[in-house]
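Visitor: Take a look at the following structure, please.
Quick note: the coordinates plus some simple rules give every number you see, no bench work behind them. Since the structure is predicted, the reported quantities are computational estimates derived from the model, not experimental observations. Heads up, the Cβs are rebuilt from the backbone with ideal geometry, glycines too, and the neighbour counts pull from every protein chain shown.
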Amino acid sequence: MMRENTTQMQTMVVLPQSELEALKGELHEIKSLFLNSKEEAFRNRWVESEEARKQLGICQRTWQAMRDNRIIPFSQFGRKIYVKQADIDAFLESKLIPAQ
């Protein structure tokens, strides 16, 4: 059996400092856009009722009362209830007690 030599030569590229800095800035911008879109996707996801209830740390009866009183918006398909993560976060933010 013959072995193939898989060593690869690396090529070095020389860039002016200004182009390197511009490239770094563009990469940073791409990274920021990626992280923001990932966070936005998380906030816009729909969570099931049980997960929402656990995030809020409340019992089933309190969760039912909150839905009955329309405290947090939700969608219902048959017996399944879904809540947007952003609505849960907004509710929690509205109850925030600021530090003194």
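Visitor: Using 1/(1 + (r/R0)^6) with R0 = 22 angstrom and r between the beta carbons of Tyr82 and Arg61, what's the FRET efficiency to the nearest 0.05?
Guide: After rounding to 0.05, the efficiency reads 0.65.
Visitor: Here is a further query. Which entries of Lys38/Lys80; Lys38/Lys84; Lys54/Lys80; Lys31/Lys95 have Cα-Cα distances beyond 21 Å here?
Guide: From Lys38/Lys80; Lys38/Lys84; Lys54/Lys80; Lys31/Lys95, over 21 Å: Lys38/Lys80; Lys31/Lys95.
Visitor: Taking 1 over the mean of 1/r across every pair of different Cα atoms in segment 1-84, what Kirkwood radius in Å do you get?
Guide: Its Kirkwood hydrodynamic radius stands at 18.2 Å.
Visitor: Quote the charge dipole size of the chain about the Cα centre in Debye, to the nearest 20; the model charges only the Cβ of Lys and Arg (+1) and of Asp and Glu (-1).
Guide: Its charge dipole is roughly 720 debye.
Visitor: Quick one: putting +1 on the C-beta of Lys and Arg, -1 on the C-beta of Asp and Glu, what dipole do you get for segment 46-94 around its Cα centre, in Debye to the nearest 20?
Guide: Its charge dipole is roughly 240 debye.
Visitor: Using 0.36 nm per residue of separation minus the Cα-Cα distance, give me the extension gain between Gln17 and Gln100 in nm, one decimal.
Guide: Extending this stretch completely gives an extra 25.2 nm.
Visitor: Shifting gears a bit: Can you pull the Rg over Rh of segment 46-94, Cα-only, Kirkwood?
Guide: Result for segment 46-94 is an Rg/Rh of 0.91.
Visitor: Note the full-extension length gain between Glu39 and Lys24 as 0.36 nm times their separation in residues minus their Cα-Cα distance, in nm to one decimal.
Guide: Going from the current span to full extension adds 3.1 nm.
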